[in-house]
């Protein structure tokens, strides 16, 4: 019953709900204009998750929005992937001016399905050395590797069987420093040990890449919505929990990939949550380092509902727990 009520709440909250669809007419997908409106929230100098700055992104392009994944290409340069099969690249200057914006569809040509369920990009990884990107499609349980221009599919592969449910599948993907890749499901496998996840020995977009299956227990933090690699090699997870006041609670947790074993259950140590005035449906995360300090960027998915927003916010991570602490280790189940 609890899972049924949660599913009903997600449907009502995230839509599509009649009368709340779209900020702009979908037919207008030609504009490349993006504006950033600063968020009126004071900089936070306390706690482990310290707000630095943030913006609400808006565009007259009807395909702009629904962002579920985020990558940093360079200073102020962002790449966003959406669950409608489109992507955006933009440069955000320190004064909030947006330049060099590109809003175009991902390469879903060659007779591929035009159904949204088959174009639902929920996770993305970016390799700064090669400029290539990987995307995970929730509806088809696939991972694709794209060229640096995001214009060509270099390789694609189906996730190992059994298939994850079409709307509860790959939700977060992070490439480790040694080239392995971890993919977390949103809510696959109603297993008492946790939710299903995979660790690939190499490129998950190459057919035949070996993977081991493990479980992740969020311990009531919510469902995983994205992940990023921290400078020390650990994984930073974004959790989304639905409620009523606020509707969205976002909790960050740290997990050590060194603890992954076949069939093991891992937990994460909570390190902070997005303050209520900035609460939204955050589904994308990226990590950057400046002057020896670690910063976290989050982007929210507006689901093309007119009561939600596309927010891009930056926090500084301070006082992270040391690697190897007991609370960050896997639970013995």
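None of the figures in this text is laboratory data; all of them are computed from the coordinates on show. Keep in mind that this is a model prediction, so the values were computed, not measured. Note that we place each Cβ from the backbone using ideal geometry, even for glycine, and neighbour counts take in every protein chain shown.
At a glance:
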| read-out | value |
| --- | --- |
| Length gained when the stretch residue 43-residue 306 is fully extended (0.36 nm per residue, less Cα-Cα span) | 92.0 nm |
| Pairwise centroid distance, computed over Cα atoms, of the stretch 67-90 with the stretch 148-221, Å | 20 |
| Percent RCO, i.e. relative contact order, over the chain, from Cα pairs under 8 Å lying at least 6 residues apart | 17 |
| Length released on extending from residue 99 to residue 201, taking residue separation times 0.36 nm less the Cα-Cα span | 32.9 nm |
| Residue order, fewest to most surrounding Cβ atoms within 10 angstrom, among 153, 260 | 153, 260 |
| Separation of the residue 151 and residue 52 label points, Cα + 7 Å toward Cβ, nm | 3.2 |
| Computed E for residue 32/residue 261 - FRET, C-beta separation, R0 41 angstrom, nearest 0.05 | 0.30 |
| Linear extension gain, residue 219 paired with residue 77, 0.36 nm per residue minus alpha-carbon span | 47.7 nm |
| Order of 41, 216 under a 10 Å beta carbon neighbour criterion, fewest first | 41, 216 |
| Structure-derived mean projected area of the Cα convex hull in nm² - corresponding label in (1) 16.4; (2) 17.4; (3) 29.4 | (1) |
| Neighbour-count order for 244, 64, fewest beta carbons within 10 angstrom listed first | 244, 64 |
